[in-house]
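Right, one structure below, let's go through it.
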There are 4 protein chains.
Amino acid sequence: MSINSFGRLFKVTTWGESHGPAIGCVIDGCPPGIRLTAQDIQIALDQRKPGTSKYVTQRREPDEVEILSGVFEDERTDGPRTTGTPISLMIKNVDQRSKDYSAIRDSYRPGHADITYDQKYGIRDYRGGGRSSARETACRVAAGAVAQKVLNHLYGNDIQITAYMTQMGPHFIDRTKMDIGEITNNLFWCPDPIAAKKWESVLDQARKSGSSLGAMIEVTASGFPAGLGAPVYGKLDGDLASAIMSINAVKSVEIGAGVEAARFSGEDNADEICIKDGKPHFLSNHSGGILGGISTGQDIIARFSVKPTSSILTPRRTITNDGQETTIQTKGRHDPCVGIRGVPVGAAMMALTLVDHALLQRGQCG
Amino acid sequence: MSINSFGRLFKVTTWGESHGPAIGCVIDGCPPGIRLTAQDIQIALDQRKPGTSKYVTQRREPDEVEILSGVFEDERTDGPRTTGTPISLMIKNVDQRSKDYSAIRDSYRPGHADITYDQKYGIRDYRGGGRSSARETACRVAAGAVAQKVLNHLYGNDIQITAYMTQMGPHFIDRTKMDIGEITNNLFWCPDPIAAKKWESVLDQARKSGSSLGAMIEVTASGFPAGLGAPVYGKLDGDLASAIMSINAVKSVEIGAGVEAARFSGEDNADEICIKDGKPHFLSNHSGGILGGISTGQDIIARFSVKPTSSILTPRRTITNDGQETTIQTKGRHDPCVGIRGVPVGAAMMALTLVDHALLQRGQCG
Amino acid sequence: MSINSFGRLFKVTTWGESHGPAIGCVIDGCPPGIRLTAQDIQIALDQRKPGTSKYVTQRREPDEVEILSGVFEDERTDGPRTTGTPISLMIKNVDQRSKDYSAIRDSYRPGHADITYDQKYGIRDYRGGGRSSARETACRVAAGAVAQKVLNHLYGNDIQITAYMTQMGPHFIDRTKMDIGEITNNLFWCPDPIAAKKWESVLDQARKSGSSLGAMIEVTASGFPAGLGAPVYGKLDGDLASAIMSINAVKSVEIGAGVEAARFSGEDNADEICIKDGKPHFLSNHSGGILGGISTGQDIIARFSVKPTSSILTPRRTITNDGQETTIQTKGRHDPCVGIRGVPVGAAMMALTLVDHALLQRGQCG
Amino acid sequence: MSINSFGRLFKVTTWGESHGPAIGCVIDGCPPGIRLTAQDIQIALDQRKPGTSKYVTQRREPDEVEILSGVFEDERTDGPRTTGTPISLMIKNVDQRSKDYSAIRDSYRPGHADITYDQKYGIRDYRGGGRSSARETACRVAAGAVAQKVLNHLYGNDIQITAYMTQMGPHFIDRTKMDIGEITNNLFWCPDPIAAKKWESVLDQARKSGSSLGAMIEVTASGFPAGLGAPVYGKLDGDLASAIMSINAVKSVEIGAGVEAARFSGEDNADEICIKDGKPHFLSNHSGGILGGISTGQDIIARFSVKPTSSILTPRRTITNDGQETTIQTKGRHDPCVGIRGVPVGAAMMALTLVDHALLQRGQCG
């Protein structure tokens, strides 16, 4: 029911505004006995934090996570472990310089949630986007790091969740040149080193001209067992779609063949099955590892588009709170491709969806 | 939490297998005092029912809905009304001819949920697909008809939810020729009469050759107020994504610009705002009527792909329950484009998502 | 969230009115592979059904349950089993003689929900109490029978849930004479044969004079493991309290020492622990088998009072729908002690609460 | 679903251990636009805080609440208001002196949750009771204060929720001498000044002798409208039962006549109705203001027993973690009547239950 929570058995509730004292989340339902330190979470957070490169927003946040509950170090044993009780995580907002917010207070940025928050609630924390800021996604990444620990506890260390960018604006990677090992060698999580090189200049240009670019991100999860997900409204793909679409600026979610499935014939689409090493083996993966809402044991593949930020340096037509027409433009530094920061968030949402279904599967099917 | 339910305040739980005695659903949370008869629901069901044309599966089901609870006709007043208590709907399965199921009992159809149900549960009702059959979507359409009544009660009769097919296999409509009035003039819910004509022969050919085709479907909701939807995990687009992705065979969900958003620049993407007739007016609708998870008052636009059925007449490689390699092919009549039946289901899921948020909005914001 | 459901992982949604075509429930989350027939459920239903003795209401309902989904008999195996998909149960209402309902249509019975349904919904199915009728509890008993099967599957056949009456009106059992074997030897589920004898004449008198009596019922669950239940809002006792208080006419729920705990000193109250047969053994059970919301492995003990029905033959002051003062009295046969029918319902709610926590424990703690 | 949350539309998730860095809660679903300051909450917290009198535990906690999100002061208006987004509250744990916990680390206190946490989770934060500490109830009181603000916003300032103690150990108040105005004139929230005087010496004696006493607490809510609560599993009394039973040490919940209802005849029990000032008026209130799970408009009355703490100075038999028999006794100051602190918690749970149903009623019935 709750509207600021995600998950059933591994339930994450996030809270916080961009310029309030802190942001954070509560994880309810984490299994007990799993080693967990703040450092485990910090590593994930450091990957997405603002100010990491010239391509992401310049706000300088240390993004230091504190574990306030749910983890305990028994003095007779070896290091902190989860206790099965709620895990409360908090990240203080440090870089909230006193600033003049009158522009975004009085006018609505086109393509932002400014107008809809006002339409719905009649009030909004306008400082830095308030609740609608991408800052909320730090909590997803933090919770995702805990989910990852649980998944490793359940399935070992051979499972792998990987997210990367396959398109920046009109520029695509060459899938024949894809090398997952490359994604940490560039600032865009790009698995194609040649594309990555080109994207650098594309993005530099967008940054300098005050424009912004959309992006396409792909997330794969490999090594997971068959049987995760539940018909009919708890389908793994249905939950993934909800998890990913809830990330700021996302406009599409695809599973496996995605939009291409519309073009297929039945002959093309069916992933034929044979036996390999004594186990079911699929000859293709148009299904994206999910059939009837349940994982097949193949790689689980999701893909999502991120729209370009509308905080750009070119003036745009808009209206004020009190119904006057005006124009608005962003001042100072802007974020030329918000999709970059969406990459680790996509991986986090995959981890959160999978851990929830892993616990559900254990509960319902033993 | 529940895995066979959809919605928060207007909650629908569906049940039933393709070849069991009946299918049905329970609607919990329907507001009281709304006029409702079985006929109101029957009209919607008749639009999606199997056997309607030569292009859909030949099972002959009357699909007669019975209202078993939650509606009452006070003898002092005028016709049956909802009482605020659970509405139980049942549709009997009539056309379950005794049949030989040994083929799909012993072997897994590639691209079907046969294998994953077995992997998850260790048991499956193999008759006609059991729970994973598209027959379940009749319950969605029935519940959607009730949702539509509630939406009209809340917002009047000017609201409109419309679904139509924009692509069949590799064949697209011409958006410049789009006319919503056309969608009931052909058997494909196609808004472009010229495309519809062409699709007829395309589909005839697919049917004759025993092949099948994918489809793309678009759903729009117009006339709805701003303010529906809730940040962060109860976003209107997040819930729509989950609702639509949970429909059988769907592989993608897009909102507004969808996958195209990845190609946009910030200048293109922002929907500028002006004042028209004293109210906010957007100069474009790339957002699909949703910003920050909340409706803007513009048309709400979602789009989804439906993969072609893999029940085709060409043999495909697969395996048996006990791990032997084999081939499988569908016998008799088959469904050349399951997307056709997905059209009213998409509209139903839009109605169910909107009514849930309409009640939530009323509860939380008064 | 839902308001007509009970449970988290083993979720039961009930529907139906006393004089509608049927009542029923949907069980979502039942584990797969458990043998289940309609007869398993029928046995439980037959124990509570109206018209069983001269002490319970005379409506003659066969109360035949039909399983509409979620159970499947694979033709290669041995008898029907649960499939993991929703189990839909339906009981047709047979004995709905055409009757004059104008009295309860126009006036509110004191102590009944007639007035509050009208106040809340502005409409009510007045025939036989509609949704507020004790008839709804048949669905609880049916679902409880399924829960019992799952519990036996999980914990074997040595577990035991037993409910019995300890007080009828001002008449108590003698706990020193308590013999659980006696409860099926009388019509009141009374474990004290001497009290049972006396209650017969007490109840005969109440019946003849058109009066009614309250009752106290106790439910014990033995053989269940420690570790069921979850702090803080998913406590086993918190869920039991909700489960039991939701039964019609219940006005109190006690766990273990219950109201007596208020009188205790700390010395009296603490259940001391020793080791017996190598396992923790408690020297008393004031806690009712629950500490901190989690089962201890001792007998789980709950107790609840059932108010006397206000459908009595003596006229009572009341008002009409349109605000006029009047009097009302029940005509014909009445139910002198509705608590009798509450006994199997209490056992069912214990089973439903335990099975839900059994699956939760398996999901969260493995 | 979640196990550390309470409520549907006004959902509270609490977190934190007694001796961790902090405790807190997240309120999801608070309506927007309601004035709220930390001071509003602090007033309620100050009433329950430890160290307030010689009768409650000596831990010295300032219990200062911080609002971390969900409240915003628009610089153009007048004071902070709720924004409709999650309200995060945090209370730091200040008085966590370094201490020797080896006794409660190694042995289980009889009547405490020490043993069941270990049985369930295999790990437990043994410092000061960890998650099972009554310290968690501070979060309930804080959330309850927010709920109270919302209730006043919805229903005005004439509504009143009052909690008081009616029994301490074997000593009862005299209901004929009850005066609600007295409850703040003594340290026990006792509405009978003569009883209060006597309880002082009773409790002094218990404190000196190292013993403890149980208590009975009553909560009434007056001025609330009819129509709150929902059949069948969302009954107002069912939710109250769950809310109250989830408070630490509570062993019973009664509504209205409660356990006494078992002794009543139907004539006694029915609350007759007449018309007064043009509105329905009940001649008695055995129902405790709830019929069929829905409020009648009368005073809503709940009552609960609190067991005496088993942290007493007399040695008790128990076992160690590794299965050895031993004895345990509390050292230093103890809490002679934990029920005293339960009084404001009971009021908070009433407020939380009512606000949730107030929003539900608005959502479902408009």
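Considering only residues that are among the aromatic types (Phe, Trp, Tyr) and at pLDDT below 75, which ones fall in segment C:47-85?
Residue satisfying the conditions is C:Tyr55 alone.
Quick check on segment D:67-87: of everything there that is more than 7 Å from chain A (Cβ to nearest Cβ) and acidic (Asp, Glu), which residue is surrounded by the most Cβ atoms within 10 Å (Cβ to Cβ)?
For segment D:67-87, the residue satisfying everything is D:Glu73.
Of the conditions (1) surrounded by 24 or more Cβ atoms within 10 Å (Cβ to Cβ); (2) facing chain B (nearest Cβ under 10 Å); (3) in contact with a helix residue (DSSP H, G or I) (Cβ under 9 Å, 6 or more places away or on another chain); (4) not aliphatic (A, V, I, L, M), A:Gly144 fails just one. Which one is it?
Single failed check for A:Gly144: (2).
Could you list, in sequence order, the residues of segment B:113-125 that are crowded, with 24+ Cβ neighbours inside 10 Å and part of a loop (DSSP other than H, G, I, E, B)?
B:Ala113, B:Arg124, B:Asp125
Look through segment A:147-185, keep the residues that are in a helix (DSSP H, G or I) and under 14 Å from the mean Cα position of the chain (by Cα), and return whichever of them is surrounded by the most Cβ atoms within 10 Å (Cβ to Cβ).
Looking at the filtered set, the residue picked out is A:Ala147.
Looking only at segment B:230-242, how many residues end up being modelled with pLDDT of 95 or more and at the interface with another protein chain (Cβ under 8 Å from one of its Cβ atoms)? Step through it out loud before you land on a result.
Let us first name the residues in segment B:230-242 that are modelled with pLDDT of 95 or more, namely B:235-242.
The next check asks that each one be at the interface with another protein chain (Cβ under 8 Å from one of its Cβ atoms); those that pass are B:235, B:237-242.
Total meeting the criteria: 7.
In segment A:291-303, which residues are within 20 Å of the chain's Cα centre (by Cα) and at the interface with chain B (Cβ under 9 Å from one of its Cβ atoms)? Give the steps one after another, and end with the answer.
Filtering segment A:291-303 down to residues within 20 Å of the chain's Cα centre (by Cα) leaves A:299-303.
The one that is within 20 Å of the chain's Cα centre (by Cα) and at the interface with chain B (Cβ under 9 Å from one of its Cβ atoms): A:Arg303.
Within segment D:103-149, how many residues are at pLDDT below 90 and closer than 21 Å to C:Cys274 by Cβ?
2
Have a look at B:Ile275, B:Ile312 and point out the one that is assigned to a loop (DSSP other than H, G, I, E, B), facing chain A (nearest Cβ under 7 Å) and touching a His at 6+ places or on another chain (Cβ under 9 Å). Spell out the reasoning first.
Working: B:Ile275 fails: assigned to a loop (DSSP other than H, G, I, E, B).
Going through B:Ile275, B:Ile312 in turn, just one is assigned to a loop (DSSP other than H, G, I, E, B), facing chain A (nearest Cβ under 7 Å) and touching a His at 6+ places or on another chain (Cβ under 9 Å): B:Ile312.
Name the pairs whose Cβ atoms lie under 8 Å apart, with the first residue in segment A:244-255 and within 11 Å of B:Lys251 (Cβ to Cβ) and facing chain B (nearest Cβ under 7 Å), the second assigned to a loop (DSSP other than H, G, I, E, B) and at pLDDT 95 or above, and 6 or more positions between them or separate chains?
Partner pairs satisfying both residue conditions: A:Glu254/A:Gly288; A:Ile255/A:Ser287; A:Ile255/A:Gly288.
I'm trying to understand the selection: among the residues of segment D:1-25, which are of a type in the set (A, V, I, L, M), surrounded by 24 or more Cβ atoms within 10 Å (Cβ to Cβ) and within 12 Å of chain B (Cβ to nearest Cβ)?
Result: D:Ile3, D:Leu9.
Just a yes or no: is a residue in segment B:93-101 modelled with pLDDT under 95 and within 13 Å of chain A (Cβ to nearest Cβ)?
Within segment B:93-101 (the criterion being modelled with pLDDT under 95 and within 13 Å of chain A (Cβ to nearest Cβ)), the answer is no, since none of the residues qualifies.
Go over the candidates C:Thr330, C:Thr309, C:Thr326 one by one and state the one that is out of contact with any helix residue (DSSP H, G or I) (no Cβ under 8 Å at 6 or more places or on another chain), of a type in the set (Ser, Thr, Tyr) and modelled with pLDDT under 95.
On the way: C:Thr309 fails: out of contact with any helix residue (DSSP H, G or I) (no Cβ under 8 Å at 6 or more places or on another chain); C:Thr326 fails: modelled with pLDDT under 95.
So the residue among C:Thr330, C:Thr309, C:Thr326 that is out of contact with any helix residue (DSSP H, G or I) (no Cβ under 8 Å at 6 or more places or on another chain), of a type in the set (Ser, Thr, Tyr) and modelled with pLDDT under 95 is C:Thr330.
Which of (1) outside any loop (DSSP other than H, G, I, E, B); (2) within 29 Å of B:Arg263 (Cα to Cα); (3) facing another protein chain (nearest Cβ under 8 Å); (4) not aliphatic (A, V, I, L, M) is the odd one out, the single condition A:Cys139 does not satisfy?
Among (1) outside any loop (DSSP other than H, G, I, E, B); (2) within 29 Å of B:Arg263 (Cα to Cα); (3) facing another protein chain (nearest Cβ under 8 Å); (4) not aliphatic (A, V, I, L, M), A:Cys139 violates only (3).
Select from segment D:217-265 the residues that are among the basic types (Lys, Arg) and outside any loop (DSSP other than H, G, I, E, B) and write down the one among them that is surrounded by the most Cβ atoms within 10 Å (Cβ to Cβ).
D:Lys251
The values are calculated or read from the model by the stated rules, or taken from the named source; none is laboratory data. Quick caveat, the model's predicted, so the values are computed rather than measured. Every residue, glycine as well, gets a Cβ built from its backbone with ideal geometry; the counts of neighbours run over all protein chains shown.
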